[in-house]
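A short write-up of the structure that comes next.
Just so you know, all these numbers are worked out from the coordinates, no wet-lab data involved. Please read all numbers here as calculations on a predicted model, not as lab measurements. In this analysis, Cβ positions are derived from the backbone assuming ideal geometry, glycine residues included, and neighbour counts consider all displayed protein chains.
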Amino acid sequence: MKTFTNVNPKSVQEAVKLLGQQGKTTAVVGGGSDLLGMVKERLIQPDILVNLKTIPGLDKITEQGGEVRIGGLTTLATISQDPTIRSRYKVLADAAGAVGTPQIRNAGTIAGNVSQRPWCWYFRNGFPCFKNGGKTCFSIAGENEFHAIFGGGPSYIVHPSDTAPALVALDAKFRIAGPAGERTIAASEFFAPPSKDPSRENVLAHDEVLVEIHLPAAPRGLRSTYHKELDRESWTHAIVSVAVALEMDRDFCKKARVVLGGVAPIPWRLPKVEAMLAGKRITPELAAQAGAASIEGAQPLAKNKYKLPLTKAIVKRTLTAVAA
Amino acid sequence: MSRKSSSKISRRHFVEGTGAGLVAAATVAPLKGQAPGADVKNRTQGAPSSPPRTKIKFTINGAERGMEVEDHWTLVELLRDHLGLTGSKIGCDRGECGACTVLLDGKSVYSCSQLGVWIDGKSIITIEGLAKNGRLDPLQQAFIDHDGPQCGFCTSGQLMSAKALLMHNPHPSAEEVRAGMTGNICRCSNYNHYVEAVLAASAAGPSTGSGGNAA
């Protein structure tokens, strides 16, 4: 691996300052699972690694006035096993527990999981695509069975994170620290489509750190779950996934948030499906209609049409299961 | 590791560029990182070619240890190349195969995906730390009894994942064992024997849960 200096800042402010220094290539690192692979593949060649693991207090789950706050460095294993997250925000515990393998979940952090780079094989193998600073997306005419059916263009990567759709479904807020201070934005505003900047997946600046994730107080009757469909039984990214959060009043769905993963360059919300479900009893018929509506507007590529019936089916089944 | 384009694509370049050659790449990299003829151990501190180094303290298989590491060494490189603990294997070197699995503060991690410098103040258990006073850990014995290892390359990683699983869940179901060991690939495909071995070790008694130096 390329040589570099590992720096252990003591505070977020120090980390931000280190990341922004001029004349050096810097990279922020949490768990390291994705970042070290990128360095080994020479997709990035940092002079300085800014290691967040030594900043105290960034790996805690706390509660403030009903709101649950998850430090950016909290591991996926911790989140998947946390009693509060499991009981109130099941969709997030499910999603964190669905990531990779035990080893990945023990090292991987929530901030790293939502800001990991795409796993498109062209990008990871160093092709000069948009993500590697080039001006094309090789998947359009190439091997695109795992690529986007929604929101593609000019890049057709899919966002690989399991926790991202869950956080959008829960209407989480992301607290970000940068040189000018802090800002807090909605999870849905954090992820950015390729039409905005095809080289990036989110709005985090190079010298910003995702410090904390805030989950709004769980509304009464919140039922949520995450379903991940894989092309083998374990240890890979979703080919299609769905995060569902329903506010139920007895049999009736008062409000719904339904977000797909693995099908678009960002977590893909389904506002039309959400509107169909609001104020209704979720019968098998309504779930089937929602499934059918979930693929409206999809634009599959040559080799990923199989994602359409798959998306329909898992939206239908997951809604039925949550409402039951 | 080079991706320089050449008019003629050699097999070597093709293999290195596509990931099938990751093992080859992993063995080439450390050589490339050294100046010609340089001996890492004897390198003069502060020489222009010297990579950044950091002094760290950690516990390895129960013994406290202090040393100076190069910042870019992965944990598995630190273990194998500088501590002589070659039981942890480098398979993919990308956090995918599990052959390098060790326990970091009691939790299983891929040691290829950690930096050595990050273990400052932490405790590491490797495969070499499982046997105690010349006696195999019950898991190791169960792996032997159930013909777990075939070629054996993945075995130390499989054992460390099994160890982590039983430390946190001393009596798992077969399904929980399978889920707990999804991060370890066995290309001989001897998964069922590994699962049987872990279940047998778990049934054998409570000593498994706190065996070795991991307690």
Förster radius 45 Å - calculated FRET efficiency between A:Glu296 and A:Glu14, Cβ distance, rounded to 0.05:
0.40
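How big, on average over all directions, is the shadow cast by the Cα convex hull of segment A:222-323, in nm²? Walk me through the numbers before you get to the answer.
On the way: hull surface 25.2 nm².
So the Cα hull casts an average projection of 6.3 nm².
Find the relative contact order for segment B:106-215 and round it to a whole percent, using C-alpha pairs within less than 8 Å whose residues are 6+ positions apart. Walk me through the numbers before you get to the answer.
Numbers: 118 pairs, mean separation 42.0, N = 110.
Relative contact order comes out at 38 percent.
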A:Gln21 paired with A:Thr184, simple spin-label distance in nm, labels 7 Å along Cα-to-beta-carbon:
3.2
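Kindly point out which whole DSSP H helices in chain A project their C-alpha atoms 20 angstrom or further along the helix axis while averaging a Kyte-Doolittle hydropathy of 0.5 or above.
Numbers: long enough: A:307-323 (24 Å, 0.58).
Length and hydropathy pass: A:307-323.
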For the residue pair A:Lys280 and A:Leu230, what label-to-label distance in nm results when each label sits 7 Å from Cα along the Cα-to-beta-carbon direction?
3.3
Order by protection proxy (mean Cβ within 10 Å, highest first), peptides A:105-116, B:161-172:
A:105-116, B:161-172
Please work out the Cα center distance from segment B:61-125 to segment A:67-113, rounded to the nearest Å.
24
Mind giving me the FRET efficiency for B:Asp81 and A:Gln64? R0 is 41 Å, r the Cβ-Cβ distance, nearest 0.05 is fine.
0.30
What list of ³J(HN,Hα) couplings, whole Hz, do you get for segment A:180-186 from phi and the Karplus terms 6.51, -1.76, 1.60, once you set θ to phi - 60° and write x for glycine and proline?
8, x, 10, 9, 10, 10, 5
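Normalising by the residue count of chain A, find the relative contact order in percent from Cα pairs under 8 Å and 6+ residues apart.
On the way: 742 pairs, mean separation 55.8, N = 324.
Rounded, it is 17 percent for chain A.
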Out of all DSSP beta bridges with both ends in chain A, state the antiparallel percent to the nearest 5.
85
Amide proton proximity set for B:His72, modelled H, under 5 Å, gap of 5+
A:Phe4
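About the Cα centre of segment A:255-294, how large is the charge dipole given +1 on each Lys and Arg Cβ and -1 on each Asp and Glu Cβ? Please answer in debye to the nearest 20.
Details: 6 positive and 2 negative charges, 33 e Å.
Dipole magnitude for segment A:255-294 comes out near 160 debye.
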For B:Lys122, residues with placed amide H under 5 Å, excluding near neighbours
B:Thr59
For the pairs B:Lys55/B:Lys132; A:Lys307/B:Lys89; A:Lys228/B:Lys57; A:Lys173/B:Lys57; A:Lys131/A:Lys316; A:Lys131/A:Lys228, note any where the Cα-Cα span goes beyond 32 Å.
A:Lys307/B:Lys89; A:Lys228/B:Lys57; A:Lys173/B:Lys57; A:Lys131/A:Lys316
How high is the relative contact order of segment A:5-53, given as a whole-number percent (alpha carbon pairs under 8 Å, six or more residues apart)?
55
Nonlocal amide H pairs with A:Lys255, under 5 Å, H built at 1.01 Å:
A:Glu247, A:Gly279
